[in-house]
Amino acid sequence: MFKKSFLPLISVMLLLGCATNNPTTENTQHAGLGEIMSMTSMRHAKLWLAGQAQNWSLAAYEIDELREGFEDAAKYHPTHKNITTPIAQLIASTMDKPMSAVEKAVNTKNLTQFTEQFDKLTAACNACHQMTDFGFNVVIRPKINPFANQDFSVPH
Ligand code: HEC
């Protein structure tokens, strides 16, 4: 075993180890993919409600938030469970096109286009779920507005 005189030194080293390890641990704790997806689901619903209310600024904001969520998903979950294709690649192949199309409808304030492209976006969410053995999780157009504390209409 260690000589008695080494014990204080070892204690200090252990303390330093803890002190330097803690921030690292905190920094590597990120939302799980399922949690990011729950946020994505909420943004998806809010995007629909904003678009139907023709609150295009809010709709544009929700598109940005959806994008940030996908960026986090790709960054922090490069792979997931048994999925063999990289998450970033799956997101790019399913989301890039429909996200741009919805964004275009929002930028041109076109409700008909928005509704059509939103449904395509929803289909793309489901396409990725099918590709990731998660096809039992089906996303649809929101049937009701579950957000009791938010006014989606354009503020006057
Ligand atoms: C990378 C492909 C991919 C894309 C794109 C994707 N999802 Fe997911 N989604 C997943 C996977 C994988 C899970 C399961 C995560 C897990 O194991 O917890 C999931 C889970 C979910 C869940 C369940 C979350 C929960 O815990 O209840 C919802 C809701 C969801 N996604 C909605 C969406 C919506 C809405 C979109 C489109 C705007 C979308 N997803 C796009 C792959 C994807």
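Taking only C-alpha pairs under 8 Å that are 6+ residues apart, what is the relative contact order of segment 33-131 in percent?
Dividing the mean separation by the residue count of segment 33-131 yields 27 percent.
Taken along its principal axes, the alpha carbon cloud of segment 84-132 reaches lengths of 39, 16, 8 Å, longest axis first.
Here Thr108, Thr40 are placed in order of increasing Cβ neighbour count within 10 Å, fewest first, which gives Thr108, Thr40. What the Kirkwood sum gives for segment 33-131 is a hydrodynamic radius of 13.6 Å, with every pair of different alpha carbons counted. Cross-link pairs exceeding 19 Å in C-alpha to C-alpha distance, out of Lys120/Lys143; Lys97/Lys143; Lys109/Lys143; Lys46/Lys81, comprise Lys97/Lys143; Lys109/Lys143; Lys46/Lys81. Annotation for segment 54-150: chymotrypsin sites (Phe, Trp or Tyr not before Pro) lying in DSSP loop with at most 12 further Cβ atoms inside 10 Å of their Cβ are Phe136. A simple spin-label model places pseudo-atoms 7 Å from Cα toward Cβ; at Thr112 and Tyr61 they are separated by 2.9 nm. The Cβ shell under 14 Å around Ala92 holds other residues with a net charge of +1, Lys and Arg each +1, Asp and Glu each -1.
Readers should treat all values here as calculations from the given coordinates under stated rules, not as data from a laboratory. Since the model is a prediction, treat every value here as computed from it, not as a measurement. Cβ: placed from backbone, ideal geometry, glycine included. Neighbour counts: every protein chain shown.
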